[in-house]
Amino acid sequence: MEQVGLAATSDVTLWSLFMQAGFVVKLVMLGLIGASIWTWAIVADKWISFGKFRRQLDQFEQVFWSGQSLEELYRTLSDRKSSGMSAIFVSAMREWKKSFERGAKSPIGLQMRIDKAMDVALAREAEALESRLGSLASIGSAAPFIGLFGTVVGIMTSFQAIAGSKSTNLAVVAPGIAEALLATAIGLLAAIPAVIAYNKFSSDAGKLSARMEGFADEFSGILSRQIDERMNARQAAE
Amino acid sequence: MKGSLATSTVLHVLVLGAALSSFTAPRTLEVADVESFPVSIVPVEEITQIQQGEKTAPIAERAAPMPTSRPNPVPDAENAGDNSVDLTSSAAATPSPREVVSEAPPKPAEQPAPKPAPEAPEPVAEPTPAPDPVPEPAAEKPAEPTPAPVDVAALPAETTPDPVAEAITEAAPAEPQFAALPSAGPVPQTRPEPAREAAPKPAQETASSKESDFNADQVAALLNKQDAAGGGAKRSTETASLGGTRTTRGNTLSQSEMDALRGQIQKYWNIIPGMADGGDVRVTVKMRLDPAGNIIGEPDVSASGGSAGTRGTLSGSARRAVLRAQPYQLPKEKYDSWAEVIVNFDPSQMF
């Protein structure tokens, strides 16, 4: 009776499975493929940017601890667009310059302002590091469910179709289920790299920001010492 | 970010393209064409309880053997039996063997006489001295083909010396004769020996001619209780049903029917728990049932084991259970098997 239909559905290549799927399932599959593309885009972006960031940190630390004068370093760095430690250094130095050159009286107030400036710079850098990691987490947790939704809808429709064909032959049941399961497969395909990447990049970001925080604290100590020395010198001069 | 998005898209397109082109339809699972063994579960009843019928016939409610081809061969079939072929009452028809013996000798004696006569001399000498030499002619016979055995048979009849002839016939020279006959195939003269063909006729003639109705053999056959009398084959006019050659149905209750009986009684068997030695008592109730399932008379209760008091209590409870459980619902057609029932009560499980 429905033999013609059965013969047509026995073709189970990937493309035919996709084309046989219903509208909702197709939509889910396409959305999941989009999510996968986005995941890998983020992964590539983060991979590159984290590598660059780490290199910059190494470079800056080398320069910073090389014994070069802070004023000189500030002069070279303030001109160009900086990120990471150099951004923290520049923001602290700018605050230092502004306050000290105008002749601030209180060393405690100066110290506090410099710390605040560094905190702000640090927060900005950390935010830049962790940007888009949230979407990775969302994809990692939601993609399997979206795929499952597609599967459930697909199986539902295929069972309705089977009920219509009035045959319980496995050849009738199987293609619909296979097609529906494809949605789950794509969902997992998107979710697994997203989860792994999220875990890796969030830990990397944590490490990098901890490094920056350490630098900020150290630099804050150096500046505090400088402030004390300058204050003493100024008082001695007076 | 744009660059990486583009890279990711390109990579996805590549991977999906590769997947679509390389992931062809998976190889169809080839299920080995295993020949399925038809297994039928044969209950023991099919062997122990076979109804009469034909092995190839379809199952029918009533047992019926194959219809016999000859429906009514014996008009006065007074005998019924299990024979497959109808037999006429043999003993009545055949005359007594004694007459045959008495009439037989003269005829064979006359017939074989003329031919073997010329070659006679040699064997004659041998038979005369008692039974001892008999083995010798038997040994010689294979060597000398045809004539020898015939002579042995013929000569004693011809000569008819009183003691010698009797000695030969009694001392079984007949056996070597019969053994030799097949090898001496071509000689037809020996055939006439069985005088039975010829014999009955004169016997019947004499019987019918002499006296009109009275037949002594018939009377003897009627009186004879040892020989099996002929009888009719079992037959039916119905179409054959599936079954064996004879009905072997043990009219026993099936397991489920026994369980039903047990259940009926158990429902009413109430015993007081906590009797000290109740587990040791065994109560047996014998009862006779009528076809309606009611007990005829009083059930015979006997108990063993345990103390006298417990025994009395338990046998009383068993008796009450048996009486209250009636009428018993048992298959009517198997009444034979449950006309008398013995119920064993084992209270050990109840304590």
- Query: Looking at this model, which pairs from A:K98/A:K200; A:K26/B:K2; A:K98/B:K2; A:K97/B:K2 are more than 28 angstrom apart at the alpha-carbon?
  - Reply: A:K98/A:K200; A:K98/B:K2; A:K97/B:K2
- Contact order relative to length for chain A, counting C-alpha pairs under 8 Å separated by 6 or more residues, stands in percent at 33
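With every protein chain present, what is the per residue accessible area of region A:111-228 (1.4 Å probe, Å²)? Numbers along the way, then the final one.
Values: 5960 Å² over 118 residues.
Result: 51 Å² of accessible area for each residue.
With a 1.4 Å probe and all protein chains left in place, how much of the accessible area of region A:24-237 comes from carbon and sulfur atoms, in whole percent?
Working: 7050 of 11420 Å².
The computed percentage sits at 62.
Ballpark to the nearest 100 Å², how much total accessible area do B and A bury together, probe 1.4 Å? All intermediate terms of the calculation are to be shown ahead of the outcome.
Values: alone 24770 and 13760 Å², together 37380 Å².
Answer for the B-A pair: about 1100 Å² buried.
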- Task: For A:R230, put the label point 7 Å out on the Cα→Cβ axis and report which residues of region A:82-96 keep their amide N under 13 Å from it.
- Result: A:92-96
- The FRET efficiency for A:V24 and B:L20, from their Cβ-Cβ distance with R0 = 25 Å and rounded to 0.05, is 0.70
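So what is the 222 nm mean residue ellipticity for chain A from helices alone, if each DSSP H run of at least 4 adds -39500 (n - 2.57) and you divide by all residues, rounding to the nearest 500 deg cm²/dmol?
Details: 8 runs with 208 residues, N = 238.
Using -39500 (n - 2.57) per qualifying helix, the result is -31000 deg cm²/dmol.
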- Message: Residues of region A:32-48 that become at least 30 Å² less accessible with every protein chain present than in their own chain isolated, using 1.4 Å: which are they?
- Response: A:I33, A:I37, A:W38, A:A41, A:D45
- Going by alpha carbons, how many degrees (0 to 90, nearest 10) lie between the helix axis of A:133-165 and the longest principal axis of chain A? 10
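Which value results when the Cα radius of gyration for region A:24-237 is divided by 2.2 N^0.38 Å?
On the way: Rg = 27.8 Å, N = 214, 2.2 N^0.38 = 16.9 Å.
Expressed relative to 2.2 N^0.38 Å, the Cα Rg reads 1.65.
Taking a threshold of 30 Å on the Cα-Cα distance, which of the pairs A:K46/A:K81; B:K55/B:K334; B:K225/B:K334 fall above it?
Among A:K46/A:K81; B:K55/B:K334; B:K225/B:K334, the Cα-Cα distance tops 30 Å for B:K225/B:K334.
The values are calculated or read from the model by the stated rules, or taken from the named source; none is laboratory data. Just so you know, these numbers come straight off a predicted model, no measurement behind them. All Cβ positions, glycine included, derive from the backbone under ideal geometry; neighbour counts span all protein chains shown. To get the accessible areas, we keep the full protein, side chains included, count just its heavy atoms, and leave off ligands, DNA and RNA. Shrake-Rupley method; radii C 1.70, N 1.55, O 1.52, S 1.80 Å.
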